[in-house]
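Below is one structure, written out as structure tokens; the observations come after it.
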Amino acid sequence: MFIGHFGAGFTGKKFSKSASLGTYFMAAQWVDLIWPILLLLGIEKVEIDPGVSAVTPLDFTYYPFTHSLVGIIIWGVLFGAVYFFIKKDLKTSIILGSLVVSHWFLDLLVHIPDLPIFPGEGIKVGLNLWNSLTATLIVEGLIFATGVFLYYKTTTAKNKIGTYSLIALVVFLVIIYLSNLFGPPPDSVEAIGIVGNAQWLIVLWGYWIDRNRE
Ligand SMILES: [Zn+2]
């Protein structure tokens, strides 16, 4: 899942206005921000295997630190704890920690059974919406659209940048998503890692939008 996680990030503002949209993006997409780094370090593994599902050519063979249920709960607790340590805001810390964990459950909807419960060997789960491109587009599109709608309703632009930076990000995310779905598979695991790290720019974009809306 890609834009669905950003949809979840957009909803954060509905529950607490304290944190920036950039922080909510970071929480919702946290394990996919760490994953490219672990790929480049050779700690987690992915294989490029077109046809492994109808939607993605990626076969997620080994990603226990970022994408096991136990792993993501630990990340969620850590993320919430760090935010609490800095801001002393329990409610927002809990929302951020929950957003980190939401990532696993959103991935659970779409992934083939490749998501481990525990780090290490054992049962792997996935509800396999990726078997159908249409179903994936509908479900993920709805999650994204709901998040954008809630964020748009909860905040108002302070200036023109506040309007256009948001529209531009929504368009940009949709284009990236569609080109991932319909474009050629990536050349190499290194390319996935490098492009994946560019997602930090989307987090920065979230901070930029948030500064221009209230
Ligand atoms: Zn993920």
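The values are calculated or read from the model by the stated rules, or taken from the named source; none is laboratory data. Since this is a predicted model, take the numbers as computed values, not measurements. Positions of Cβ are generated from backbone atoms using ideal geometry, with glycine treated the same way; all protein chains shown enter the neighbour counts.
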Go over the candidates ALA168, ALA157 one by one and state the one that is aliphatic (A, V, I, L, M) and in contact with a Leu (Cβ under 8 Å, 6 or more places away or on another chain). ALA157
Here is a list of conditions, (1) modelled with pLDDT of 95 or more; (2) under 23 Å from LEU173 (Cβ atoms), and VAL77 meets all of them except one; can you say which number that is? (2)
Is one or more of the residues making up region 146-155 within 16 Å of the ligand (Cβ to nearest atom), surrounded by fewer than 20 Cβ atoms within 10 Å (Cβ to Cβ) and modelled with pLDDT of 95 or more? no
Cβ contacts < 9 Å: first residue more than 21 Å from GLY12 (Cβ to Cβ) and away from the ligand (no atom under 11 Å from the Cβ), restricted to region 101-115; second residue among the hydrophobic types (A, V, I, L, M, F, W, C) and assigned to a helix (DSSP H, G or I), any location; separation 6+ or different chain. Result? ILE112/TRP130
Any hit, region 114-131, residues being modelled with pLDDT of 95 or more, more than 30 Å from THR61 (Cβ to Cβ) and of a type in the set (Val, Ile, Thr): no
When only residues in region 19-73 that are of a type in the set (Asp, Glu) and part of a loop (DSSP other than H, G, I, E, B) count, which is nearest to the ligand (Cβ to nearest atom)? GLU44
